[in-house]
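To start, the structure under review is shown below, and the notes come after it.
The values are calculated or read from the model by the stated rules, or taken from the named source; none is laboratory data. Worth saying up front: this structure is predicted, and the values here are computed from it rather than measured. Cβ placement follows ideal geometry from the backbone for every residue including glycine, while neighbour counts extend to all protein chains displayed.
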Amino acid sequence: MAKRSDTLDTALLAVELLRRIPRGRKVTVNELHRQLEEAGIYRDLRTIQRQMKMLSEHFEIECDDRSKPYGYRWLDRARVLAVPTLTPQESLLLQLAEDHLKHFLPPRLMKSMEGFFHQARRNLGPDGDARLEREWPSKVRVVATSQPLLPPRIEPEVFEVVSDALFANRWLYLDYQNASGWRSTVDVMPLGLVQQGPRLYLVCRYRGFDNERNLALHRIISARMSTLAFERPKDFDLKQYDDDGRFGFGDGEKVRLSFHITHDAGQHLIESPLSVDQKVVRHRDGSLGITASVVDSAMLEWWLRGFGDAIWDIQRRC
């Protein structure tokens, strides 16, 4: 039984290595070792070296042994094996995922997928056959609903440490400077990562407290992950936290909002209601009477003020 298990283990390692060997560039054993560890696969360098020697002898893999460390890549004629077997549709999905999920996956996991992303870009490159898939990203776009702003700069090391601690449920030691310029060192329990417009926020609890706070990642000067793990609070739900208006600068209190608005300014509320219980009354002068249950927040106040004279008779009832 032990021999059979060792054989299976060796075969699985070979598959993982084959999936990570690129075309067009070379990858070293050290790089492969790092990628495997980031994917949670732990093998020593000598084992990976032996495997790569064997694979290069049996597959169309070029080994550049002119200098150390040796580099490996798939030969251009190797069209059936390796990561190039990604379909055009899979390549398109990976390219979109790389572009839009880079802030929602721990950097270590993103790095472990590096070989797949590289192959997806190659498959969708000008030398590939996937013309329609290659054109798709230029046909879709997410647009801003307010004045576009450039994202604030986040230290790459900070983002990596924060993401790793969030992923592993580890305490974080932060050097943080708030919007008023007050700088402090805090121990926090990371609970969530949220993107709001161009900004990223860490939802966390300070050590010794049971309430949540939002810390802007670009205001974190340095971060260090503790070796101490924590039990994720069962009473915290990130979706509910958002639904309660905590990113609209409110405290979660719901109110029954009512107002009158001109037809031109309020037409979009018929198509995109404020809430599932929204009610609309059309008046003879063309204006609309809107009533809906919403979370009371500063963001709601800013939104209402944005209509200027087009909105009136605003009332909130608990």
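For this structure, a couple of remarks:
- Test: residue in the range 298-307 that is of a type outside the set (Gly, Ala, Ser), in contact with a Cys (Cβ under 7 Å, 6 or more places away or on another chain) and surrounded by 14 or more Cβ atoms within 10 Å (Cβ to Cβ): no
- Conditions (1) within 28 Å of VAL158 (Cβ to Cβ); (2) touching a Leu at 6+ places or on another chain (Cβ under 7 Å): number failed by ARG282: (1)
Yes/no per residue for (1) in a strand (DSSP E or B); (2) in contact (Cβ under 8 Å) with a residue 12 or more places away in the chain:
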residue: ARG205; (1), (2): yes, yes
residue: GLY208; (1), (2): no, no
residue: ALA223; (1), (2): yes, yes
residue: LEU228; (1), (2): yes, yes
residue: GLY286; (1), (2): no, yes
residue: TRP312; (1), (2): yes, yes
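- In the range 232-249 there is at least one residue that is surrounded by fewer than 15 Cβ atoms within 10 Å (Cβ to Cβ), aliphatic (A, V, I, L, M) and under 30 Å from PRO198 (Cα atoms).
- Of all residues in the range 233-267 being in a loop (DSSP other than H, G, I, E, B), at pLDDT 85 or above and not hydrophobic (A, V, I, L, M, F, W, C), the one that is farthest from VAL188 (Cα to Cα): THR262
- Helices (runs of 4 or more DSSP H) wholly inside the range 96-165 containing at least 3 residues that are without any contact (Cβ under 8 Å) to a residue 40 or more places away in the chain and in contact with a Leu (Cβ under 8 Å, 6 or more places away or on another chain): 114-123
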